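The values are calculated or read from the model by the stated rules, or taken from the named source; none is laboratory data. Computed from a predicted model, the values in this text were never measured in an experiment. Note that we place each Cβ from the backbone using ideal geometry, even for glycine, and neighbour counts take in every protein chain shown. These area figures cover heavy atoms from the full protein model, side chains too; ligands, DNA and RNA do not enter into them. Shrake-Rupley method; radii C 1.70, N 1.55, O 1.52, S 1.80 Å.
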Amino acid sequence: MASNLFITNKEKKLSDRLGELIGLSRELRVLVGFFYFSGIKALHEALTSNKAIKLRILVGLEAEEHCGRVVEFVREATEAQGDRDIQTAYLKSLRESFRSKALDKPSFYERAGCFLDLLREGRLELRKTKEPNHAKMYLFDIKDEHALLRDKMWITGSSNLTLPGLESQGELNVELSDFGGKDASDYFEALWTDAV
């Protein structure tokens, strides 16, 4: 049975569909150029309702503040960079982003607390790709009791894991369950294995 769904944040918000699928899943694997804690705000209720779900986020770019806004950017890798250099640069970009006036709001600290809880519970892992990557994939491993027709679903398109990408700005994403799931999973796992 084919199941393909376009999600543009107009008729249906990506955050709503992600929330529905989070409720049915045992694991969510995310590959995005960058994510902001605003994206977790949109998924907070679903993540706290499904106490069994694990979340692996693979980030392909870094962030910096530019003209009062946090933006993603590519840091050119050099041959001399090792895993520790990549990790240090990424963590530095996170720290600098967190100091942004755009993020210095009570709601940001509430979302950060959600992430800390997920980390403490062992339900969240976050890695950075060695090479810049701007892809966007949301891969769901469906719980056994919901996997009668399919055990995997995935969404790909233009949305980063940010509040605008999940809810307010025009995006184009497609949900797939009958095409490319194994290839998408293999691609994610290869990047995950190589990431820092």
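Relative to a virtual label point 7 Å from the Cα of ASP194 in the Cα→beta-carbon direction, which members of the range 7-50 show backbone nitrogen distances below 18 Å?
Within reach of a label on ASP194, which here means backbone N under 18 Å from a point 7 Å along Cα→Cβ, the range 7-50 contributes 30-34.
Among residues other than LEU118 whose Cβ falls under 10 Å from its Cβ, what is the net charge (Lys/Arg +1, Asp/Glu -1)? Write down the numbers at each step before the final one.
Working: positive: LYS54, ARG120, ARG123; negative: ASP117, GLU121, GLU125.
Taking every other residue near LEU118 into account, the sum is 0.
What net charge is computed for the residues neighbouring LYS143, neighbours being all others with C-beta under 11 Å from the C-beta of LYS143, Lys and Arg scored +1, Asp and Glu -1?
Values: positive: ARG26; negative: GLU27, ASP141, ASP144, GLU145, ASP151.
Every neighbour counted, the sum reads -4.
Would you mind checking LYS12/LYS130; LYS10/LYS136; LYS10/LYS41 for any pair whose Cα atoms are more than 30 angstrom apart? Intermediate values should be presented prior to the final figure.
On the way: LYS12/LYS130 34 Å; LYS10/LYS136 19 Å; LYS10/LYS41 19 Å.
Checking Cα-Cα distances, LYS12/LYS130 exceed 30 Å.
Roughly how compact is the range 121-160, stated as its Cα Rg over 2.2 N^0.38 Å to two decimals? Spell out each step's value before the answer.
Working: Rg = 13.6 Å, N = 40, 2.2 N^0.38 = 8.9 Å.
Ratio of Cα Rg to 2.2 N^0.38 Å: 1.53.
Fully extended, how many nm does the chain gain between ARG150 and ASP83 (0.36 nm per residue separation, minus their Cα-Cα distance)? Don't jump to the answer; show the numbers that get you there.
Numbers: separation 67, 0.36 × 67 = 24.12 nm, distance 3.67 nm.
Length gained, ARG150 through ASP83: 20.5 nm.
Quantify, in whole percent, the carbon and sulfur part of the accessible surface of the range 124-196 (1.4 Å probe; protein heavy atoms only). Mind dumping the intermediate values first?
Working: 1910 of 3500 Å².
Carbon with sulfur: 54 percent of the solvent-accessible area.
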